[in-house]
Amino acid sequence: MELIARGRDADVFALDESRVLRRYRRKGRPTELEARLMTHLAACGFPVPKVYEVTDTDMVLERLTGPTMLEGLARRPWRVRDLGRMLGGLHDRLHGLPAPTWLPKRFGTAGDDRVLHLDFHPGNVILTGRGPVVIDWPNAGAGDPAADVAMTMVTVGSADVPGLTARLGRGQFLRAVRGGCGTDPTPRVQEAVDAKLADPNLTATEAAWLRKHAAAAAGH
């Protein structure tokens with residue numbers, strides 16, 4: 001099989017022109033829950049890949065054609081505001097969906113939990129011919145939309161991005177996400193920082209940024 005993508009937890013292989021195999025490197029990942037959620041979201045009209053088969057480490061998914069939003073930003077940096085607002089709008093679409101009762105609670109509310117992606121960054125949005133499609137749902141949970149937006153803020157904000165131009169573009173992107181989204185992340189920023197610091201995949205550079213800027217992030 002041809003390896004076509006490599007993430008922090010999983011590898012993606014091409015099976016044929018219409019399907020890919022997403023294989024986690026260790027067992028115990030929530031593949032069945034992830035597949036169940038994607039099937040549920042697709043039925044609700046939210047853009048996710050189609051699920052074909054699931055095992056304890058593997059998922060056979062629809063093969064999507066197009067760049068990630070991150071690649072789109074690199075190729076066409078002048079679209080930074082448009083793509084940021086697109087990501088903010090995707091947050092709103094997702095958070096309009098009540099969480100199913102079987103979805104684990106994370107950042108729970110008093111009774112109005114919504115579906116949260118909790119790893120909603122530009123690398124997890126594919127810009128296809130039919131529009132943006134959101135991938136990688138193993139961290140999803142039921143809870144407060146503010147936490148989902150806050151996780152996006154701290155994930156993108158702490159990413160190890162080289163170069164002044166890229167860092168300036170990141171600031172514009174995050175402001176555009178806020179402008180395109182109706183949810184204020186401020187009440188959940190510190191919790192998002194704490195959750196991100198507990199991520200075993202966090203790099204030393206990202207962890208250092210989070211520890212240094214946690215207070216400033218909470219203020220913004």
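How much FRET efficiency would the formula 1/(1 + (r/R0)^6) give for LEU168 and LYS27, where r is the Cβ-Cβ distance and R0 is 35 Å, rounded to 0.05?
Efficiency, rounded to the nearest 0.05: 0.25.
If one computes P(r) from the Cα atoms of the chain, what percent of pairs lie at distances over 30 Å?
19 percent
Under the Karplus relation 6.51 cos²θ - 1.76 cosθ + 1.60, θ = phi - 60°, what is the ordered set of whole-Hz ³J(HN,Hα) values for the stretch 9-22, x standing for Gly and Pro?
10, 8, 10, 10, 10, 7, 8, 7, 5, 10, 9, 10, 10, 9
From zero up to wherever the largest Cα-Cα distance of the stretch 91-220 sits, split into 10 Å bins and tell me the percent of pairs in each.
12, 43, 36, 8, 0
Roughly what would the spin-label model give for ARG175 and TRP78, points 7 Å off Cα along C-beta, in nm?
Here the answer is 1.9 nm between the modelled labels.
Roughly to the nearest percent, how much of the accessible area of the chain is carbon and sulfur, given a 1.4 Å probe?
Roughly 52 percent, rounded to a whole number.
Report the FRET efficiency, 1/(1 + (r/R0)^6), for LYS50 and THR203, where r is their Cβ-Cβ distance and R0 is 25 Å, rounded to 0.05.
Once rounded, the FRET efficiency stands at 0.15.
At 10 °C and 1.306 mPa s, what whole-number value in µm²/s does Stokes-Einstein give for the translational diffusion of the stretch 1-93, with Rh from the Kirkwood sum over Cα pairs?
Approximately 107 µm²/s, per Stokes-Einstein.
Quick check on packing: order 142-153, 35-46, 78-89 by the mean number of other C-beta atoms within 10 Å, highest mean leading.
Per-residue Cβ counts within 10 Å, averaged per peptide and sorted highest first, yield 142-153, 78-89, 35-46.
If you average the sequence gap of Cα pairs under 8 Å that are 6 or more apart and divide by the length of the chain, what percent do you get for the contact order?
The value is 18 percent.
LEU70: accessible area at probe 1.4 Å, nearest 10 Å²?
Only protein atoms counted, so the area is about 100 Å².
What number results when the radius of gyration of the stretch 49-108, computed over Cα atoms, is divided by 2.2 N^0.38 Å?
So the Cα radius of gyration is 1.53 times the expected 2.2 N^0.38 Å.
The values are calculated or read from the model by the stated rules, or taken from the named source; none is laboratory data. Since the structure is predicted, the reported quantities are computational estimates derived from the model, not experimental observations. No Cβ is skipped: glycine too gets one built from the backbone with ideal geometry, and neighbour counts run over all protein chains shown. When the accessible area is computed, the model is the full protein with side chains, heavy atoms only, and any ligands, DNA or RNA have been set aside. Shrake-Rupley method; radii C 1.70, N 1.55, O 1.52, S 1.80 Å.
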